[in-house]
Amino acid sequence: MVRSRSFAAAAAVLFSSLMMPVCGAGSAGSVAAEGKCGSFVDPRIGSEGLGRVFIGPSMPFGMVKPSPDCTPRPNSGWLPMPERVDGFSQVHVSGTGGGPKYGNILIQPIIGELDRTGAPDWRLDEEIALGYYATTYRDSGIRTEVTTSDRASMYRITYPADSVAALLVDAGFFLGENPVPDAREAQQFVGSEVQFISDTELSGYSRIRGGWNNGRAYTVYFYLTTDRPAVKRATWKGDSISEALMQYDSGRKTGALMQFAPGTDTLNVRIGISFISQLKARENLAACVGGKTFAQVRSELEDAWEGLLSKITIDPSTPLSHKRMFYTGLYHTMLMPVDRSGENPLWTDPVPYYDDFYAIWDTYRSSSPLITLIDPAREADIVNSLVNICKRDGFMPDARSGNANGRTQGGSNAEIVVADAFVKNLPGIDYNQALEAMLKDAEVSPGAYHEAEGRGGLHEYVTLGYVPHGIARAGNRTVEYSYCDYAIYLVAKGLGKDAIADRYLRQSGNWRNLWRGDYEHDGTRGFIMPRDADGNWLDEIPFGHSEVRKPTFTYTPVTFEGPWYTPWWDMFFYEASSWEYSLSIPHDVPGLVELCGGPEAFARRLDKFFDKNYFNVNNEPSFLSPCLYHWIGRPDRSGERVAEIIAENYSDGPAGLPGNDDSGAMSSWLAFHMMGLYPNAGQDYYLIHAPLLKSSAIKLPGGGKFEIEAEGLSERNRYISSAKLNGADYPYSTIRHKDIVAGGKLVLKMSDKPGRWGAEMFAGK
């Protein structure tokens, strides 16, 4: 990432690029004439490079996500052409890094005899759109179209004329297969089963364990129907194909084959999925798809998305590329977590159940607040699910997938999600029960399960006031526990539990105990640095007990990873440097400014942070950093930095995301900033800066709306000179959530140079 370009130059590039032809502009533009927000969604954005987004059809927060699996390696299953396609599996995640998860119940259309247990093919073409995927195979000539409902998928398969139509179903396939038993982050096969019920019906399951969260075994059940009877059927176990109509689970991979009558040109395949049972999968198929046509299923999916995407409308004159970036950002934000209410095999409670928090460490900063604006009832359901998981499984998750908690990357960040809901007055949540779940995280050690849930190093954190080196991720755990403690303070204070509130407010300052004020790097003084349990600062980090390799290495504020023989997971900071985490104090930025030497020194520090590339756009701990200029009265500088970052790192192309989308984290960050707002998650306000959209409007429950208008916005006019909220002068650079949900209009008057607007952050303070 190069930051030598001036703001003016970056802005010029950004605005000029908006008027250039974009990938898929022809098809997108023709559909866009219909005026639907969903017509601007392009699932390809962020699919290549580091984004790793899911490209197949999905309902909002949908449990079933069918798409092609190109190898057993990528988390989303898909890779760009010319990679081969092993088939189409029904369950995936989106935008995640680390070890793969899911890729269950693979089907593959084939031609010819039933004499194989796998049949990879290569794509001649692809069509990817909201709610739809299609490809034509090179070798077989088969065309496969895919759409889905919430819990059942549908395939329309067209076979070449005069071919022998057949279908392969692999219940043993999964992503991330590794020959090493119990390999870290690899999925491992447990068992599978298939059974023909009739010549048009097949059922079974796949049982897999492990994956990114090193989770316990999960089972995906299926019930499949075809609209044409099979004239020949077979099954397999291991590599042995048989005419038997069933294969029971014996710990070996199983699958099935179907051949259809001569002249079969089109085959409709419907697959119901469940995490409960095969009968539940059958019920899901009947309820979600039934006898509907392919077009009907696709239309219902599109309508479901339109109902959510249209909750935020933008100026019709917005350039096409911006429309595509914005609405695809909203779309990505609502792919995960997954609504599995009624699909929890572990317990039955009359509350929503959500899975695939992958991970809250990524999503609490921007994804959860965006869902709160678009669909507050949904966010309340998500919070209730987190609290109930704590009740039944022991702790709220920081990450969860396949019905199992894991992995904590830093803090117990569900607490911030709860606090965000509380301060924004989301109804329908028992906040007293939620506070109990927060306190469980903060006061009960998870012991050996600290990678899966709770707070590792809790005893040390409480007794010493920090997590000492020697405990994995000591730096970011200390920083993040401090913010989680502040979240507890907010909820406890709001519920009138003053003793609890006072304790956690004090504890929220624990990040200061790792602040080494005399440490200087690149002309900047003061950093969060390693400290041992005796209080000593560590310049040389002891690591391991090797007699061959030197068991220490020098730690500096730019250290990201240790020597090759040190596991990255156990570093002082997780996926970030001290330069990044030393600015990641969202609950006490004024205190941070003071420790850094005051506003002028803080401004110099921020400028160096960005200009020397210490900022990492694809690292969530840096998400708030571009807006830190607000706290020194310079929202104009925040707007400049945001514009630079977007111009240099985001686009509407396949590589249009700068890092793993992380379940919508990167996308929601972009969507917020395009509107000129950014949340400080867990708190009740949004930071205001120069938007990239001339106007946006958020539809509110009850029929109202909140509008943002950037009056005079242009390539030249990129600064806010004044603002009015509902017709009254508004000199503040933040806006409270209550003022947004009350409805109204925020008018930002744009100018060609920075002024004094926004020097004061908050009204009433």
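The values are calculated or read from the model by the stated rules, or taken from the named source; none is laboratory data. From a predicted model like this one, the values you see are computed outputs, not experimental measurements. Here the Cβ positions follow ideal geometry from the backbone for every residue, glycine too, while neighbour counts run over all protein chains shown.
Among the residues of the stretch 713-731, those identified as touching a Leu at 6+ places or on another chain (Cβ under 9 Å) and modelled with pLDDT of 95 or more are Leu713, Ile720, Ser721, Ser722, Ala723, Lys724, Leu725, Asn726, Tyr730. When the stretch 711-728 is filtered for residues that are outside any loop (DSSP other than H, G, I, E, B), in contact with a strand residue (DSSP E or B) (Cβ under 7 Å, 6 or more places away or on another chain) and without any contact (Cβ under 8 Å) to a residue 40 or more places away in the chain, the ones remaining, listed by number, are Glu711, Ser721, Ser722, Ala723, Lys724, Leu725. State whether the residues of the stretch 599-608 include one that is among the aromatic types (Phe, Trp, Tyr) and farther than 25 Å from Ala359 by Cβ. Taking every residue of the stretch 599-608 in turn, at least one turns out to be among the aromatic types (Phe, Trp, Tyr) and farther than 25 Å from Ala359 by Cβ.
Restricted to helices (runs of 4 or more DSSP H) entirely inside the stretch 430-527, those with at least 2 residues that are among the small types (Gly, Ala, Ser) are 431-443, 474-494, 498-507. Scanning the stretch 100-144 for residues that are over 33 Å from the mean Cα position of the chain (by Cα) and not in a strand (DSSP E or B) yields Gly112, Glu113, Leu114, Asp115, Arg116, Thr117, Arg138, Asp139, Ser140, Gly141, Ile142.
A quick yes/no check of all residues on (1) within 14 Å of the chain's Cα centre (by Cα); (2) part of a helix (DSSP H, G or I); (3) free of Cβ contacts under 8 Å to residues at least 12 places away in the same chain:
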residue: Trp361; (1), (2), (3): yes, yes, no
residue: Ser368; (1), (2), (3): yes, yes, no
residue: Leu373; (1), (2), (3): no, yes, no
residue: Arg378; (1), (2), (3): no, yes, no
residue: Ser385; (1), (2), (3): no, yes, no
residue: Lys391; (1), (2), (3): no, yes, no
residue: Met396; (1), (2), (3): no, no, no
residue: Thr408; (1), (2), (3): no, no, no
residue: Gly411; (1), (2), (3): no, no, no
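Scanning the stretch 124-140 for residues that are under 26 Å from Ala230 (Cα atoms) and in contact (Cβ under 8 Å) with a residue 24 or more places away in the chain yields Tyr133, Thr135, Tyr137, Ser140.
Checked against the criterion of being on the phi < 0 side of the Ramachandran plot, more than 29 Å from the chain's Cα centre (by Cα) and not in a strand (DSSP E or B), the stretch 200-223 has at least one qualifying residue.
Looking across the stretch 686-703, the residues that are assigned to a loop (DSSP other than H, G, I, E, B) and farther than 28 Å from Lys493 by Cβ come down to His689, Ala690, Pro691, Leu692, Leu693, Lys694, Gly702, Gly703. Criterion first (small (Gly, Ala, Ser) and more than 30 Å from Ser310 (Cβ to Cβ)) does Gly97 satisfy it? So Gly97 fits the description; yes. For the stretch 68-99, taking the residues that are over 22 Å from Gln188 (Cβ atoms) and outside any loop (DSSP other than H, G, I, E, B), the one that is nearest to the chain's Cα centre (by Cα) is identified as Pro68. Scanning the stretch 430-447 for residues that are surrounded by fewer than 17 Cβ atoms within 10 Å (Cβ to Cβ) and not aliphatic (A, V, I, L, M) returns Asp430, Asn432, Gln433, Glu436, Glu443, Ser445, Gly447. Residues in the stretch 724-762 that are of a type in the set (Gly, Ala, Ser) and under 33 Å from the mean Cα position of the chain (by Cα): Ser733, Ala742, Gly743, Gly744, Gly758. Within the stretch 669-685, the set of residues being of a type outside the set (Asp, Glu) and assigned to a loop (DSSP other than H, G, I, E, B) comprises Gly676, Asn680, Ala681, Gly682, Gln683. Of all residue pairs spaced 6 or more apart or on separate chains, those with beta-carbon atoms under 9 Å, a first member in the stretch 70-93 that is on the phi > 0 side of the Ramachandran plot and a second member that is part of a loop (DSSP other than H, G, I, E, B) and of a type in the set (A, V, I, L, M) are Gly77/Ile55; Gly77/Leu175; Gly87/Ala119. Of all the residues that make up the stretch 448-504, how many are closer than 18 Å to Gly682 by Cα, surrounded by fewer than 18 Cβ atoms within 10 Å (Cβ to Cβ) and among the acidic types (Asp, Glu)? Summing the residues that are closer than 18 Å to Gly682 by Cα, surrounded by fewer than 18 Cβ atoms within 10 Å (Cβ to Cβ) and among the acidic types (Asp, Glu) in the stretch 448-504 gives 1. Within the stretch 32-46, the presence of a residue that is in contact with a strand residue (DSSP E or B) (Cβ under 6 Å, 6 or more places away or on another chain), part of a loop (DSSP other than H, G, I, E, B) and at pLDDT below 95 is excluded.
Considering each residue of the stretch 399-411 in turn, at least one proves to be modelled with pLDDT of 95 or more and of a type in the set (Ser, Thr, Tyr). Per the listing Arg228, Arg233, the residue uniquely over 25 Å from the mean Cα position of the chain (by Cα), touching a residue at least 12 places away in the same chain (Cβ under 8 Å) and either part of a loop (DSSP other than H, G, I, E, B) or closer than 25 Å to Asp398 by Cα (or both) is Arg228. Which one is modelled with the lowest pLDDT among residues in the stretch 324-348 that are part of a loop (DSSP other than H, G, I, E, B) and either on the phi > 0 side of the Ramachandran plot or hydroxyl-bearing (Ser, Thr, Tyr) (or both)? The qualifying residue modelled with the lowest pLDDT is Thr348.
Within the stretch 613-621, at least one residue is crowded, with 24+ Cβ neighbours inside 10 Å and either touching a Gly at 6+ places or on another chain (Cβ under 7 Å) or acidic (Asp, Glu) (or both). Which residues, counting only those in the stretch 180-199, are outside any strand (DSSP E or B) and not aliphatic (A, V, I, L, M)? Across the stretch 180-199, the qualifying residues are Pro181, Asp182, Arg184, Glu185, Asp199. Residues of the stretch 349-358 include none that is modelled with pLDDT of 95 or more, more than 22 Å from Ile429 (Cβ to Cβ) and not hydroxyl-bearing (Ser, Thr, Tyr). With respect to the conditions (1) in contact with a Phe, Trp or Tyr (Cβ under 8 Å, 6 or more places away or on another chain); (2) buried (at least 21 other Cβ atoms within 10 Å of the Cβ), Pro590 falls short on a single one, namely (2). For the stretch 351-358, check the following and say yes or no: at least one residue is buried (at least 21 other Cβ atoms within 10 Å of the Cβ) and under 24 Å from Cys627 (Cα atoms). Looking through the stretch 351-358, none of the residues is buried (at least 21 other Cβ atoms within 10 Å of the Cβ) and under 24 Å from Cys627 (Cα atoms). Applying the condition of being acidic (Asp, Glu) and surrounded by fewer than 15 Cβ atoms within 10 Å (Cβ to Cβ) to the stretch 222-259 and asking which residue is farthest from Thr117 (Cα to Cα) yields Asp227. Inspection of the stretch 556-574 finds a residue satisfying the criterion of being part of a helix (DSSP H, G or I), touching a residue at least 24 places away in the same chain (Cβ under 8 Å) and either surrounded by fewer than 19 Cβ atoms within 10 Å (Cβ to Cβ) or of a type in the set (D, E, K, R) (or both). Hey, does the stretch 269-283 have a residue that's over 24 Å from the mean Cα position of the chain (by Cα), within 30 Å of Leu657 (Cβ to Cβ), outside any helix (DSSP H, G or I) and not acidic (Asp, Glu)? Scanning the stretch 269-283, I find at least one residue that is over 24 Å from the mean Cα position of the chain (by Cα), within 30 Å of Leu657 (Cβ to Cβ), outside any helix (DSSP H, G or I) and not acidic (Asp, Glu), so the answer is yes.
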